[in-house]
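What follows is a single structure, written as structure tokens, with notes after it.
The values are calculated or read from the model by the stated rules, or taken from the named source; none is laboratory data. Keep in mind that this is a model prediction, so the values were computed, not measured. Cβ: placed from backbone, ideal geometry, glycine included. Neighbour counts: every protein chain shown. Quick note on the areas: whole protein, heavy atoms, side chains included, nothing else; ligands and nucleic acids left out. Shrake-Rupley method; radii C 1.70, N 1.55, O 1.52, S 1.80 Å.
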Amino acid sequence: MAAIKVHGYHASMATVMVLCCLNEKEVEYELVLVDLPTGAHKKPEYLALNPFGVVPTIQDGDLTLYESRAIIRYLAKKFQGQGTNFLGSTLSEEALVYQWCEVEGQSFNPPALSIVSQIVFVSMRGGSTDEAAVEMNVEKLEKVLDIYEERLSKSKYLAGDFFSLADLQHLPCTHYLVNACGKGDLISSRKHVNAWWEDISSRPTWKINFT
Amino acid sequence: MAAIKVHGYHASTLTVMVLCCLNEKEVEYELVLVDLPTGAHKKPEYLALNPFGVVPTIQDGDLTLYESRAIIRYLAKKFQGQGTNFLGSTLSEEALVYQWCEVEGQSFNPPAFSICTQILNVPMRGGSTDEAAVEMNVEKLEKVLDIYEERLSKSKYLAGDFFSLADLQHLPCTHYLVNACGKGDLISSRKHVNAWWEDISSRPTWKINFT
């Protein structure tokens, strides 16, 4: 069986999250470089795979699939019998995985990604950080993290006592917040969120990408 | 078996989307009113169910579940053998459902929801619509809808030739855009998007909520 192809960029956190997932599931893959700095993701060859022009996109046999959250969900299902069990053991546990995946996508990511965009990406493109926008989004994120703190005081991971897709989805953006934006205090000031972050960011399949 | 309880509000289109899903799956439910105008969703009784203080939330036996996209995904799985098949017939089709669900959540909804918020919610709270913000988000949404137009010229529905969760997820916000924000031209100006919208918004399980 041909290895899964991952079209992505080694410094794209969404790509790294998919690679981390493949490693956790003990699945062979081949990384095909999409050279973001030279605009490869906006060229016709890549747009034919992913019309939204973002990385990553995977090819598994006849299936071409994009959106990193959809990719990891597909991998978790297809390889449910091997490696890390990302979906829990019952349908109710799986439902809670979906719930916290949506919390990440709808409540955590928008303010977190805005902060990362303003502090890291805007200046990379020659603009200047909008501090008011950062402050507004930090406020929003603080409220979300207060709810996480409450949840994680009762549950080792977000969906339950098992590492799931929901925790995995938080790795990319939080990595930037802590390591590139100087916003680590958002995490470290909350006892249970901090313990959770230390735990999930220490997984060898994630850490190995940053050595 | 006790009917599923849906804590929601009849005029919340996300609540309506979950009810539509339950009807498509031919599943019995009980709607428990959360009176948004009187702030019921921010009171301790409701926050104990959903700490994010938004509707809807469902209770199915011991499971309490929120995030409307997670709820419909759970229902589609739990009741896979009955009613409308929201997940396709193969794992690859299911993967494409996930992909287009994420496109809705990450690319369609942010600009669409911002438009609706500016035009509908802001004046309701006593503020005035930020026309520049509306224009910027209309521009973003146009680019996304151009990709939809291309996709829907080759595929009857987003994930394939079957009505799926991905199409269902577009009903709430698009309903507001077309019927309450005066932005119907975004849809009607695109031949295949228009045909798709006419089709999905005409499903009896959706239409019945607006008669």
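Values as computed for the structure displayed
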quantity: Among the residues listed as B:LEU158, B:LEU141, the single one being in the same structural domain as B:THR117 (by the TED database) and either assigned to a helix (DSSP H, G or I) or acidic (Asp, Glu) (or both); calculated: B:LEU141
quantity: Checking A:VAL144 against (1) within 30 Å of B:SER92 (Cβ to Cβ); (2) of a type outside the set (Lys, Arg); (3) within 11 Å of chain B (Cβ to nearest Cβ), the condition it does not meet; calculated: (1)
quantity: Considering residues of the range A:109-123 that are crowded, with 18+ Cβ neighbours inside 10 Å and of a type in the set (Ser, Thr, Tyr) only, the residue nearest to B:GLY53 (Cα to Cα); calculated: A:SER114
quantity: Test: residue in the range A:75-87 that is within 8 Å of chain B (Cβ to nearest Cβ) and either open to solvent by less than 20 Å² (accessible area, probe 1.4 Å) or among the charged types (D, E, K, R) (or both); calculated: yes
quantity: Filter pass, B:ASP167 being charged (D, E, K, R) and open to solvent by 10 Å² or more (accessible area, probe 1.4 Å); calculated: no
quantity: Top-ranked residue in the range B:12-26 [being open to solvent by 20 Å² or more (accessible area, probe 1.4 Å) and more than 14 Å from chain A (Cβ to nearest Cβ); ranked as farthest from A:TYR148 (Cα to Cα)]; calculated: B:GLU26
quantity: Hits in the range B:94-109 - residues which are in contact (Cβ under 8 Å) with a residue 24 or more places away in the chain and closer than 17 Å to B:LYS143 by Cα; calculated: B:TRP100, B:VAL103, B:GLU104, B:GLY105, B:SER107, B:PHE108, B:ASN109
quantity: Hits in the range B:161-184 - residues which are in a loop (DSSP other than H, G, I, E, B), more than 16 Å from B:TYR148 (Cβ to Cβ) and under 14 Å from the mean Cα position of the chain (by Cα); calculated: none
quantity: Filter result (more than 8 Å from every other protein chain (Cβ to nearest Cβ) and open to solvent by 10 Å² or more (accessible area, probe 1.4 Å)) within the range A:89-108; calculated: A:SER89, A:THR90, A:GLU93
quantity: Qualifying residue in the range A:50-60 (condition: more than 13 Å from every other protein chain (Cβ to nearest Cβ) and among the aromatic types (Phe, Trp, Tyr)); calculated: no
quantity: Pairs with Cβ under 9 Å, 6+ apart, first in the range A:180-208 and under 19 Å from A:VAL18 (Cβ atoms), second basic (Lys, Arg); calculated: A:SER201/A:LYS207
quantity: Residue match in the range B:124-141 (condition: open to solvent by less than 60 Å² (accessible area, probe 1.4 Å) and in contact (Cβ under 8 Å) with a residue 60 or more places away in the chain); calculated: no
